[in-house]
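Note sheet for the following structure.
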Amino acid sequence: MAEAISAPLSIETFRAWLGSRPDEEHWELIAGVPMMTAPATRAHQRIASNLESLLNGAFEEHQPAFTAYQRVGLNLAPIAPDYDPEPDVVVIDANSPGEERYADRFYLAAEVVSSSDQKTVESKREIYKRHTDCRCVLIIRQDRFDVRVALSTDAGWVERHLTKPTDELLLDDFALRCTLADLYRGTALQPRGKR
């Protein structure tokens with residue numbers, strides 16, 4: 001059981017406290033409250049791995065300045081001093097300076113979620129959208145074909161909702177074009193070999 005700490009915490013206090021926790025624990029600071037994340041399901045892990053791989057494949061061919069990683073922390077203090085999240089997948093600069101665990105600048109943040117994550121993920125989604133460089137936020141349900149896409153445009157944020165395996169996820173800024181079937185491949189929803 002985690003030691004008692006008083007909330008709300010600042011990012012600095014949270015990171016100092018986090019240093020005392022075992023490496024196998026995963027924590028995020030959401031609205032000043034430390035939240036321990038449960039181990040990811042296999043479907044969650046597969047979807048995040050697929051997205052990371054699809055993005056990095058697109059970057060290799062068309063956008064070498066970008067790279068995708070899983071579970072990189074984001075330095076959000078300038079816009080949200082009480083948030084210290086680790087999105088499931090982020091896109092950052094390929095030659096991003098700074099600390100290995102955190103990125104100051106990110107362009108895409110993706111969260112793979114279950115129905116119980118809804119309240120937390122909505123607040124994280126709104127924080128990600130406030131970041132100056134963020135161009136895309138993806139919310140991906142792990143239990144059904146369901147991807148919410150928020151894209152930054154000159155006119156503001158535009159939302160799309162994809163729900164069929166044949167729906168295309170088109171992210172021009174990231175040179176990514178795939179179907180939801182590609183994103184969910186290897187899960188119970190889209191077993192390998194099924195086309």
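The values are calculated or read from the model by the stated rules, or taken from the named source; none is laboratory data. Not measured: the values here are computed from a predicted model. Cβ atoms come from the backbone with ideal geometry, glycine included; neighbour counts cover every protein chain shown. We work out accessible area using only protein heavy atoms, side chains counted, and drop any ligands, DNA or RNA first. Shrake-Rupley method; radii C 1.70, N 1.55, O 1.52, S 1.80 Å.
Available extension along the chain between Trp17 and Glu100 is 28.0 nm, counting 0.36 nm per residue and deducting the alpha carbon span. Rounded to the nearest 20 debye, the dipole size of region 1-132 about its Cα centre is 300 debye, using +1 on the Cβ of Lys and Arg and -1 on the Cβ of Asp and Glu.
Rg/Rh for region 74-175 (Cα atoms only, Rh after Kirkwood) is 0.96. Sequence-distant contacts, meaning Cα pairs under 8 Å at least 6 residues apart, place the relative contact order of region 40-99 at 32 percent. Take the Kirkwood radius over Cα pairs of region 66-133, plug it into Stokes-Einstein at 4 °C and 1.567 mPa s, and you get 106 µm²/s for translational diffusion. Judged by the mean number of other Cβ atoms found within 10 Å, the most tightly packed of the peptides 167-173, 18-24 leads the ranking 167-173, 18-24.
The mean sequence separation of alpha-carbon pairs under 8 Å and at least six residues apart, normalised by the residue count of the chain, gives a relative contact order of 17 percent.
Taking the chain as a Gaussian network of alpha-carbon nodes connected by springs under 10 Å, the highest mean-square fluctuation of the residues Gln118, Gln63, Gln45 belongs to Gln118.
Note on Asp104: accessible area approximately 100 square angstrom, rounded to 10, probe 1.4 Å, nucleic acids and ligands left out. The calculated 222 nm mean residue ellipticity attributable to helices in the chain amounts to -7500 deg cm²/dmol, summing -39500 (n - 2.57) over DSSP H runs of n ≥ 4 and dividing by all residues. P(r) tail for region 9-64, what percent of Cα pairs lie past 18 Å? Result for the distance tail: 56 percent.
A Gaussian network model of the chain, with springs between Cα atoms under 10 Å, assigns the largest mean-square fluctuation among Ser115, Ser53, Ser96 to Ser115.
Each Lys and Arg contributes +1 and each Asp and Glu -1, all at the Cβ; summed about the Cα centre of region 101-181, the dipole is approximately 180 debye. Computed extension length for Ala188-Leu170: 4.1 nm, one decimal, from 0.36 nm per residue of separation with the Cα-Cα distance subtracted. Spatially, region 33-105 and region 127-195 are offset by 15 Å when compared through their Cα centroids. Keeping the other protein chains in place, figure out the carbon and sulfur percent of the accessible area of the chain, with a 1.4 Å probe. The value for the chain is 49 percent carbon and sulfur by accessible area. Its residue count N fixes a reference of 2.2 N^0.38 Å for the chain, and the Cα radius of gyration divided by that reference is 1.02.
Considering only beta bridges that DSSP places wholly inside region 83-182, some 75 percent are antiparallel.
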